[in-house]
Amino acid sequence: MQSITSPFLLHLNDGWTIESADKSKCADLRVPGDVHSALLASEQTPNPYWRDTEQSLDWIHEQEWTASTDFEFEGDICKRHILTFMSVDCVATVHLNDVEIGQCNSQFKRWDFDTSAALKLGKNALRVTFHSNSEAAADAAARSTIPTPYLSFNNRLPHYNFLRKTQCHAGWDWNIALSPLGFYDDIFLSVADPVQFDEFMVRQKHHENGNVTLELDVHFAAHGVGEIELEASICGVDTSALINYYPGENRHSISIEIDNPVLWWPVGRGEQILHRLEVRLGDVVRTRKIGFRDIKLDTSADEIGNRFAFCINGEEMFMRGANWIPADALPQNCSPETIRDRLQSAVDANMNMIRVWGGGQYEPDWFYDMCSEMGIFVWHDFMFACNLYPAHDKTWLKSVREEARYQIKRLSGQACMALWCGDNELVGALNWYDEGKADRDRYLAIYDRLNHSLEEAVDELEPDIPFWPSSPSVGPLNFSDGWHDDRSGDMHFWDVWHSSKDFEHYRTVKPRFCSEFGFQSFPSMKVIEGFTEPEDRNVSSKVMDVHQRNEGGNSRIVETISRYFRFPDGFENMVYLSQVSQSLAMKTSIEFWRAQAPRCMGTLYWQLNDTWPVASWSSLEYGGNWKLTHYAAKRFFAPILITAQPDEENGDIVFYAVSDLEGASTLSLNIELVSISGEVNTHKVLDVECVPNSAQSVYRMKASDVPTNAFLHFTWADKAGRKMGENDYLPQRPKAYAFETPAIEVRQSIAEDGGAQVTLVSDTPALFVTFDHGGADIYSDNCFTLLPNREKTIYIARKRGGDTFNTAKSLHYLKG
């Protein structure tokens with residue numbers, strides 16, 4: 001996190017209260033925090049996530065609220081002081097001692113207000129009036145000179161595309177529509193005399209001969225003419241200059257040469273070394289931690305089309321990860337502890353990249369600090385998603401330009417930052433609405449204004465990471481179909497979910513980089529029991545429909561289960577099989593696409609996390625517990641993977657060795673034939689050479705070599721005989737196998753290191769075995785195959801929950 005040292009800095013996060021316009025509701029307001037959470041904490045409203053409570057709370061976002069606090073000022077009243085709000089959601093008026101000192105209209109900008117006309121010695125009264133975001137959105141839409149439709153089939157609350165606020169606060173096909181408002185980051189008063197040190201831009205300009213040139217652009221405002229000292233230091237290297245300043249905005253650049261710095265690497269490729277950078281302008285010091293790394297995006301032409309491959313410190317890397325949405329629909333719940341847990345789960349599942357999606361929000365500084373510390377790359381959309389936007393409005397567009405410049409500067413020093421992307425699916429949205437279909441040229445011109453403004457901000461500030469115009473996109477200035485063109489750019493592939501195609505349909509495309517795709521499941525019974533009454537626990541109940549935001553989603557989950565599995569007995573088994581189904585969908589797609597490397601160089605599935613308890617595409621259900629897909633991700637995202645794929649031409653079964661490691665490695669691959677009656681026979685044992693950053697075909701067998709009542713199970717080990725992984729290949733859909741009911745023995749014990757462990761053994765083959773489904777603790781493995789009379793021992797790899805070791809745990813497996 002960036003820190004500030006100043007001759008005068010007064011933090012104002014404490015002592016806030018919130019009151020409704022009609023004076024009927026009043027509560028303490030935490031900062032960071034939101035009004036809904038304040039009312040919930042004071043027991044003045046029910047839990048919005050319980051059953052179908054959501055719309056009964058619309059009165060909160062439909063009226064004004066006033067936040068108030070008092071503070072003592074004992075500084076130099078003769079000097080100029082600035083009141084800073086790091087994040088205000090969203091339309092608000094600020095009064096200090098009953099004097100209006102400014103207005104806010106964007107959640108995504110820092111707001112600085114001159115207090116000269118209002119600040120006084122002693123006690124000061126600060127008041128912020130939050131105007132209804134919903135009313136402000138409706139007013140803006142009514143004033144618009146050009147009709148600008150919004151995503152009505154996803155958003156319960158209309159016209160939020162006119163607001164610069166988290167777009168999914170109005171709904172989405174996985175989110176509750178609460179439209180929260182509040183303060184989401186720090187509030188403070190600081191001295192701005194003789195200058196206001198605004199921000200500094202960090203740029204790693206050259207990585208040559210082992211050296212790095214660090215360029216710093218220091219931005220500040222002045223109200224007079226003078227000179228001031230500027231200093232910067234990092235890694236024991238200092239530089240300084242005496243610079244002149246003039247009234248208005250000022251910018252001054254300095255550079256530092258660093259000889260042979262220790263580089264920062266993403267997780268799995270090296271250490272995440274961070275260095276303290278200190279910049280002093282006069283008496284104000286700002287510090288950040290930065291990592292030295294060089295990031296490029298290779299979009300060069302090849303015999304297929306154009307590549308889409310990230311190159312870090314001169315090495316190409318396959319990106320393995322998922323899309324990130326806000327950690328909670330109630331912003332106050334998005335705490336550092338919560339987010340660190342979710343990011344750690346990404347690392348635990350062998351991910352090295354997340355995509356901060358454009359319908360969410362720019363996260364606080366500490367979010368990116370965590371990503372840099374953990375070695376997680378961030379693909380970052382600008383905050384625009386799935387709508388048409390009012391870029392014909394010059395005032396609105398001016399605010400967007402300011403937002404983009406502010407965010408680029410703020411995040412410029414973060415080692416984790418890998419890409420700025422213009423938006424999510426705005427090119428496709430040109431064809432989604434009647435207005436756009438009737439006059440696409442007009443709305444394309446409006447879109448170009450927005451997209452070009454973002455590109456101009458990137459060009460002006462020159463961050464040391466690439467810019468990509470939109471996602472999905474075939475390439476710059478190409479407004480064609482990024483959903484189905486797998487030859488160039490990044491791809492969103494949604495045919496399997498939205499068009500109800502079979503999982504095998506994933507194998508019909510070979511993306512260069514797939515940045516969105518996914519399949520839904522229900523959350524676990526433990527989550528469902530937290531928002532339902534017993535009578536609600538039916539797939540077709542009203543409450544389960546409320547907690548499913550994608551039209552027809554529950555029916556699609558159930559129909560797909562019947563396509564791949566024998567129909568379950570009871571609701572709990574339906575919930576379990578929905579998660580098995582989701583994990584099978586993601587395994588099918590990701591293993592196939594990883595086997596296409598280096599043609600395909602990244603997969604980011606939709607989505608990592610949830611904002612509330614809901615049926616969705618996430619692999620971490622609300623609360624952060626691992627769905628079965630997340631355990632599957634740990635395997636299909638492993639740096640070394642062996643996968644079996646059907647040959648699209650002759651039906652042979654082809655084994656691929658996939659390696660994302662830096663160096664070559666030799667593995668021993670053991671392929672076994674497993675019959676449903678329990679016979680296990682070795683089919684082939686062979687040595688496999690893994691080539692770095694690629695997938696290689698290492699073995700081929702006839703499909704007829706696998707009897708109709710059998711499947712393939714295979715394991716691989718390193719030269720020392722240490723098991724590196726295991727996998728299965730079922731030539732038929734699971735429901736085709738009449739598995740016998742297994743007798744699974746479960747033994748809980750304490751390991752030598754004092755940790756809890758569980759040993760399971762079955763008398764017959766058992767697939768998709770899960771222990772403690774939906775439990776808070778993270779096991780070393782889960783949702784696995786048990787072969788007859790072979791012990792499988794798992795242990796708690798990371799303890800998250802409050803369960804004791806001896807509490808009853810559920811056991812699930814695929815029933816024949």
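The values are calculated or read from the model by the stated rules, or taken from the named source; none is laboratory data. Being a predicted model, the structure only gives us computed values, none of them experimental. No Cβ is skipped: glycine too gets one built from the backbone with ideal geometry, and neighbour counts run over all protein chains shown.
State whether the residues of the stretch 109-118 include one that is within 25 Å of residue 172 (Cβ to Cβ), at pLDDT 95 or above and not assigned by TED's automatic domain parsing to the domain that holds residue 407.
At the first step, the residues of the stretch 109-118 found to be within 25 Å of residue 172 (Cβ to Cβ) are 109.
Next, only the ones that are at pLDDT 95 or above stay: 109.
Going one step further and asking which of them are not assigned by TED's automatic domain parsing to the domain that holds residue 407, we end up with 109.
Yes.
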Number of positions in the stretch 579-601 that are touching a Pro at 6+ places or on another chain (Cβ under 9 Å) and not hydrophobic (A, V, I, L, M, F, W, C): 3
Qualifying residue in the stretch 673-682 (condition: not small (Gly, Ala, Ser) and not in a strand (DSSP E or B)): yes
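Among the residues of the stretch 100-108, are any in a loop (DSSP other than H, G, I, E, B), in contact with a Lys or Arg (Cβ under 8 Å, 6 or more places away or on another chain), in contact (Cβ under 8 Å) with a residue 24 or more places away in the chain and among the aromatic types (Phe, Trp, Tyr)? Lay out the reasoning, then the answer.
In the first step, residues of the stretch 100-108 are kept if they are in a loop (DSSP other than H, G, I, E, B); the result is 107-108.
From what's left, in contact with a Lys or Arg (Cβ under 8 Å, 6 or more places away or on another chain): 107-108.
Filter again for in contact (Cβ under 8 Å) with a residue 24 or more places away in the chain, leaving 107-108.
Of the ones still in play, those that are also among the aromatic types (Phe, Trp, Tyr) are 108.
Yes, the stretch 100-108 contains at least one residue that is in a loop (DSSP other than H, G, I, E, B), in contact with a Lys or Arg (Cβ under 8 Å, 6 or more places away or on another chain), in contact (Cβ under 8 Å) with a residue 24 or more places away in the chain and among the aromatic types (Phe, Trp, Tyr).
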Inter-residue pairs, beta-carbon under 7 Å, first under 16 Å from residue 356 (Cα atoms) and in the stretch 317-332, second part of a loop (DSSP other than H, G, I, E, B) and β-branched (Val, Ile, Thr), 6+ apart: 325/611; 326/166; 326/611; 328/611; 329/176; 329/611
Qualifying residue in the stretch 706-727 (condition: polar (S, T, N, Q), closer than 21 Å to residue 795 by Cα and at pLDDT 95 or above): yes
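Just wondering, is there one or more residues in the stretch 68-79 that are surrounded by fewer than 21 Cβ atoms within 10 Å (Cβ to Cβ), among the basic types (Lys, Arg) and either touching a strand residue (DSSP E or B) at 6+ places or on another chain (Cβ under 7 Å) or closer than 18 Å to residue 169 by Cβ (or both)? Let's see the steps before the verdict.
Here is the first cut: in the stretch 68-79, the ones surrounded by fewer than 21 Cβ atoms within 10 Å (Cβ to Cβ) are 68-79.
Now restrict to residues that are among the basic types (Lys, Arg): 79.
Checking which are either touching a strand residue (DSSP E or B) at 6+ places or on another chain (Cβ under 7 Å) or closer than 18 Å to residue 169 by Cβ (or both) leaves us with 79.
The answer is yes, given that some residue of the stretch 68-79 is surrounded by fewer than 21 Cβ atoms within 10 Å (Cβ to Cβ), among the basic types (Lys, Arg) and either touching a strand residue (DSSP E or B) at 6+ places or on another chain (Cβ under 7 Å) or closer than 18 Å to residue 169 by Cβ (or both).
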Hits in the stretch 28-59 - residues which are surrounded by 21 or more Cβ atoms within 10 Å (Cβ to Cβ) and assigned to a strand (DSSP E or B): 29, 33, 34
Check on residue 511, under 26 Å from the mean Cα position of the chain (by Cα) and surrounded by 19 or more Cβ atoms within 10 Å (Cβ to Cβ): yes
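With respect to residue 403, determine if the residue is farther than 22 Å from residue 478 by Cα and at pLDDT 95 or above.
yes
For the stretch 271-363, list the strands (runs of 3 or more DSSP E) that sit wholly inside it and hold at least 3 residues that are surrounded by 23 or more Cβ atoms within 10 Å (Cβ to Cβ); which are they?
Values: elements: 275-281, 284-290, 295-298, 309-312, 315-317, 319-324, 353-356.
Counting at least 3 such residues, we get 319-324, 353-356.
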Selection count where residues are closer than 30 Å to residue 253 by Cβ, among the β-branched types (Val, Ile, Thr) and assigned to a loop (DSSP other than H, G, I, E, B), scope the stretch 457-503: 1
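Taking residue 186 as the residue in question, decide whether it is out of contact with any Phe, Trp or Tyr (no Cβ under 7 Å at 6 or more places or on another chain), within 30 Å of residue 254 (Cα to Cα) and assigned by TED's automatic domain parsing to the domain that holds residue 76. Step through it out loud before you land on a result.
Numbers: out of contact with any Phe, Trp or Tyr (no Cβ under 7 Å at 6 or more places or on another chain): yes; within 30 Å of residue 254 (Cα to Cα): yes; assigned by TED's automatic domain parsing to the domain that holds residue 76: yes.
Answer is yes for this residue.
Tell me, which helices (runs of 4 or more DSSP H) lie completely within the stretch 525-583 with 1 or more residues that are farther than 24 Å from residue 53 by Cβ and among the aromatic types (Phe, Trp, Tyr)? Step through it out loud before you land on a result.
Values: elements: 525-528, 542-546, 553-564.
The qualifying helices (runs of 4 or more DSSP H) are 553-564.
Search the stretch 621-641 for residues being in a strand (DSSP E or B) and surrounded by 23 or more Cβ atoms within 10 Å (Cβ to Cβ), and hand back the single one that is farthest from the chain's Cα centre (by Cα). Steps first, please.
At the first step, the residues of the stretch 621-641 found to be in a strand (DSSP E or B) are 626, 640-641.
This time we only want the ones that are surrounded by 23 or more Cβ atoms within 10 Å (Cβ to Cβ), so: 626, 641.
Details: 626: 15, 641: 24 Å.
So, considering only residues that are in a strand (DSSP E or B) and surrounded by 23 or more Cβ atoms within 10 Å (Cβ to Cβ), the one farthest from the chain's Cα centre (by Cα) is 641.
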Index of the failed condition, residue 647 passing every other in (1) outside the structural domain of residue 494 (by TED's automatic domain parsing); (2) over 18 Å from residue 505 (Cα atoms): (2)
Test: residue in the stretch 716-725 that is among the charged types (D, E, K, R), part of a helix (DSSP H, G or I) and more than 29 Å from residue 528 (Cβ to Cβ): no
Filter result for residue 644 (farther than 17 Å from residue 354 by Cα and in a strand (DSSP E or B)): yes
Candidates 193, 198, filtered to the one that is more than 20 Å from the chain's Cα centre (by Cα) and in a loop (DSSP other than H, G, I, E, B): 193
